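A.B. asks: Questions regarding the structure given below will be posed in turn.
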Amino acid sequence: MATDASSSRSDYIRSVTVTALAAILGIVGAIGALVVNSSMAPAAIAQSTDSVLLLVVVIAVQIPLLKVSGAVEELSGKDILFIVFVTFSFWFVTLTILLTSGVSV
C-alpha cells in the first residue's frame with residue numbers, strides 16, 4: 001500500500017513536470033518566433049519557416065532536458081507525441097494571440 005502511494009505520487013510529479021515544461025517551452029517558442037521575425041508583417045510571421053524551425057528546436061530540446069533533469073528515465077512514443085502536441089498547441093495559441101493583438105517587439 002505504501003509503495004503504491006509513493007509510486008502514484010512520483011507518476012503524478014512526472015506528469016506535471018512533462019506537461020509544465022512542454023507548455024512553458026511552447027509559450028517561449030511563440031515569443032521567440034515573434035522576436036526572430038519582428039521585422040515581418042503578422043501574416044508573413046505565421047508563414048515563416050523560421051517560426052516553424054524554432055518550434056522544432058524547442059520540441060527537440062525538451063527530450064534531453066527531461067532526461068538530464070531526472071524527471072524522466074525513458075520516453076515512449078506516446079510520451080513524445082504528447083510533448084509535441086502540447087508544445088505545438090501552446091505555441092500556436094500564444095503566437096495567434098500575439099499576432100492578432102498587434103504586439104510588436
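A.B. asks: Residues of segment 37-52 being out of contact with any helix residue (DSSP H, G or I) (no Cβ under 9 Å at 6 or more places or on another chain) and assigned to a helix (DSSP H, G or I), which ones?
C.D. replies: ALA44, GLN47, THR49
A.B. asks: So which pairs qualify, if the first residue must be in segment 28-47 and over 12 Å from GLY102 (Cα atoms), the second must be part of a loop (DSSP other than H, G, I, E, B) and hydrophobic (A, V, I, L, M, F, W, C), the Cβ gap must be under 7 Å, and the two must be at least 6 apart or on different chains?
C.D. replies: VAL35/VAL105
Conditions tested, residue by residue: (1) in a helix (DSSP H, G or I); (2) exposed (fewer than 13 other Cβ atoms within 10 Å of the Cβ); (3) among the polar types (S, T, N, Q); (4) modelled with pLDDT under 95.
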{"residue": "GLU73", "(1), (2), (3), (4)": "no, yes, no, yes"}
{"residue": "ASP79", "(1), (2), (3), (4)": "yes, no, no, yes"}
{"residue": "VAL84", "(1), (2), (3), (4)": "yes, no, no, no"}
{"residue": "PHE90", "(1), (2), (3), (4)": "yes, no, no, no"}
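A.B. asks: Sticking with this structure for a sec: For LEU25, work out the one condition from (1) surrounded by fewer than 19 Cβ atoms within 10 Å (Cβ to Cβ); (2) within 9 Å of the chain's Cα centre (by Cα) it doesn't fulfil.
C.D. replies: (1) is the only condition that LEU25 fails.
A.B. asks: Assess whether ILE63 counts as being without any contact (Cβ under 8 Å) to a residue 24 or more places away in the chain, in a helix (DSSP H, G or I), in contact with a helix residue (DSSP H, G or I) (Cβ under 9 Å, 6 or more places away or on another chain) and surrounded by 14 or more Cβ atoms within 10 Å (Cβ to Cβ).
C.D. replies: Considered against the rule, which asks whether it is without any contact (Cβ under 8 Å) to a residue 24 or more places away in the chain, in a helix (DSSP H, G or I), in contact with a helix residue (DSSP H, G or I) (Cβ under 9 Å, 6 or more places away or on another chain) and surrounded by 14 or more Cβ atoms within 10 Å (Cβ to Cβ), ILE63 comes out as yes.
A.B. asks: Of all residues being modelled with pLDDT of 90 or more and surrounded by 15 or more Cβ atoms within 10 Å (Cβ to Cβ) in segment 28-50, which is farthest from the chain's Cα centre (by Cα)? Just the residue, please.
C.D. replies: Within segment 28-50, the match that is farthest from the chain's Cα centre (by Cα) is VAL36.
A.B. asks: Ok, one more. Condition check: among the aliphatic types (A, V, I, L, M) and within 18 Å of VAL105 (Cα to Cα). Does ALA46 satisfy that? Steps first, answer last, please.
C.D. replies: On the way: among the aliphatic types (A, V, I, L, M): yes; within 18 Å of VAL105 (Cα to Cα): yes.
It is true that ALA46 is among the aliphatic types (A, V, I, L, M) and within 18 Å of VAL105 (Cα to Cα).
The values are calculated or read from the model by the stated rules, or taken from the named source; none is laboratory data. All values reported here derive from a predicted model rather than from experimental measurement. Backbone-built Cβ (ideal geometry, glycine too); neighbour counts: all protein chains shown.
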